[in-house]
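Engineer: Dropping a structure here in structure tokens format, bear with me for questions.
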Amino acid sequence: MGPLTLPAGALCVLVGAPGSGKSTFAARYPDTWRVCLDSYRRMATDVEADQSATPVAAEIQNLLLDARLSRGLTAVVDSTNVFPHVRAGLLARARYWQRPVTAVLFDLPLPTVEAQNADRDRDRVVPLHIVREHHQLLPDADQLHHEGFDAVHPISELLATGTPPLPRSTCMP
Ligand code: UTP
Ligand code: MG
């Protein structure tokens, strides 16, 4: 079973609380497709949670998105994207380059997300109050359509139809 098929040149925005499985899902696509603020914060400061590096990380992300979208290359935005103004910025970028824009909504129950977060390596566990705050901010599919996403895929439906968000390494030799 392959990953969700994205339209050619699409911007795919993952929307989900910490621990909900966004990076696991993104790992099913070629690694060049993924843009990730955590990675750029870590490259700038050695610490991916260092919010002082968010402005520089956002600049790097925007440069990469423009580079890829202008060439018609797919990009997967692996950040929480739970704030409407963050999604609005991404939607505006996709529209500027006239690219289709897809959301994958990590609409898992809070206990599942909490359990997945708790099971991670200790240095990757996000404080519980942050997981809960982000989970509360999750939009529903109707809201995402209303904001302008061309397609919205709730992960609950992808799981039910057999598109599992497992890392590629678990299904490749
Ligand atoms: P991720 O590290 O993929 O979550 O998975 P995330 O959404 O990207 O988290 P942030 O925002 O970067 O903090 C979290 C844990 O859940 C497991 C993964 O193996 C990882 O340990 N997981 C993910 C599952 O157990 N099942 C899944 O279907 C997806
Ligand atoms: Mg992640």
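Engineer: Residue by residue, what Karplus-based ³J(HN,Hα) values in Hz, rounded to whole numbers, does segment 38-44 have, using 6.51, -1.76 and 1.60 with θ = phi - 60° and x for Gly and Pro?
Structural biologist: 3, 5, 6, 5, 5, 5, 7
Engineer: Continuing with this model, one more query. Given a 1.4 angstrom probe, I'd like the percentage of the accessible area of the chain that is carbon and sulfur, rounded to a whole number. Please report the intermediate quantities before stating the final value.
Structural biologist: Values: 5250 of 9230 Å².
It is 57 percent, rounded to a whole number.
Engineer: Take segment 121-165, compute every pairwise Cα distance, and split them into 10 Å bins from 0; I just need the percent in each bin.
Structural biologist: 21, 32, 39, 8
Engineer: Also: Rg/Rh for the chain: what does it come to with C-alpha atoms and Rh from Kirkwood?
Structural biologist: Numbers: Rg = 15.3 Å, Rh = 16.4 Å.
Value, to two decimals: 0.93.
The values are calculated or read from the model by the stated rules, or taken from the named source; none is laboratory data. Keep in mind that this is a model prediction, so the values were computed, not measured. The area values use the complete protein model at the heavy-atom level, side chains included, leaving out ligands, DNA and RNA. Shrake-Rupley method; radii C 1.70, N 1.55, O 1.52, S 1.80 Å.
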